[in-house]
Amino acid sequence: METGRIFTIAGKEFADALRGKKFLLIFGIYLVIAFVGATQGIQDYTARLERYADILTLGTDVSPFLSIRPTVLDVFLRMGETVSTLGAILGIAAGFDLISGEREEGSLKVLLARPVFRDEIITGKVFGGAMTLALATGLSLAITLGLLLLTGHLPLPWEFLLIFVFGAVSFLYLFGCFGIGLAMSAVSRRSGEALLFALAAFFLLALVVPTAGTAVADLVVGETPKAPQIVDEKDMAIWHAYEEEFRRHADLRRNIVQIANLFSPEWNYDEILRAVTKPNLYLIMSGPADDPWYHPVDEEPEFGVILSHLWTSIVALLLVPVLFLGFAYAKFLRLDLR
């Protein structure tokens, strides 16, 4: 495998993507929505700061959820919502015609006739797609950070760290969608088919699998235990047994649903998005149900603690491009162009 040829192909794919009308249209809409979302997020953040100042005048006897000070990370929640929906389409658009499009045009046979190996071709295409999505992620982050600085909101050092995590995870999510598009491009003879297959695969993972997981969980655990009637203190043993059964029922159902959700890239991205844009709220919600104050709301959230809650979602999100790109590699290396 020759590195020079790989980077040549990657540069060509990067340039072709930036000249392609379909991709540029989606890319432009993506950046416009990111800009509008950042503007609205800054307005909401400013309003929440004012409400927070009013809440402080009420004293300490307030809900822990109301005691959380707003941060500039709230602004990136809006951007994350854009990435979760339109960003998925952007990632698929960057990869769905990389192979099928060249098969339609007949240029793939011409390319393979040159002194270049198939693994170099597809590796170059992957690098070119990664460069394109890195540009999309970087520009959207730059737009949001620029608007924050123009409005006088400077992130704190720990907020910059979480913003970096947000950018890296957003790129990983887009790259996973790109992998889906490239895999479908490798199995399709036409770009239209590849696009339909890629969208179907994404929505299957994003919507059908979580819904099916909930249905399976309800089928496995059965009906929720009914609360017994308590007449006097003699019945408290029955009540404690009911509480234990109810807890086991709820834990089993939640575990089945979470396992199913791990197969959904959108669910994993949204889970990470909530943690990095609202870290204090996320840590409170992740703590014991009977101790809402276990995480001090006036302290900076610990980066390691947040990641300890997210490692399964990060690994699951990483597996999406690994599996689909691996499939695309295997399929392309054995592709019959006759």
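Brief remarks follow.
- Yes/no for Phe197 being farther than 23 Å from Phe76 by Cβ and within 24 Å of the chain's Cα centre (by Cα): yes
- Restricted to the range 98-201, the set of helices (runs of 4 or more DSSP H) holding at least 2 residues that are in contact with a Gly (Cβ under 9 Å, 6 or more places away or on another chain) and surrounded by 14 or more Cβ atoms within 10 Å (Cβ to Cβ) comprises 118-150, 157-187.
- Selected residue (only one of Phe171, Phe178 is modelled with pLDDT of 90 or more and over 15 Å from Ala328 (Cβ atoms)): Phe171
- Subset of the range 263-280 (residues that are modelled with pLDDT of 85 or more, open to solvent by 60 Å² or more (accessible area, probe 1.4 Å) and not in a helix (DSSP H, G or I)): Phe263
- Contacts under 7 angstrom Cβ, first residue in the range 45-57 being surrounded by 14 or more Cβ atoms within 10 Å (Cβ to Cβ), partner at pLDDT below 65 and in a helix (DSSP H, G or I), 6 or more apart: none
- Checking Val165, Val187 one by one, the residue that is farther than 26 Å from Arg5 by Cβ, of a type outside the set (Ser, Thr, Tyr) and touching a residue at least 12 places away in the same chain (Cβ under 8 Å) is Val165 and no other.
The values are calculated or read from the model by the stated rules, or taken from the named source; none is laboratory data. Nothing here was measured: the structure is a model prediction, and the numbers come from that model. Heads up, the Cβs are rebuilt from the backbone with ideal geometry, glycines too, and the neighbour counts pull from every protein chain shown. For the accessible areas, the whole protein counts, side chains as well, though only heavy atoms, and no ligand, DNA or RNA atoms are used. Shrake-Rupley method; radii C 1.70, N 1.55, O 1.52, S 1.80 Å.
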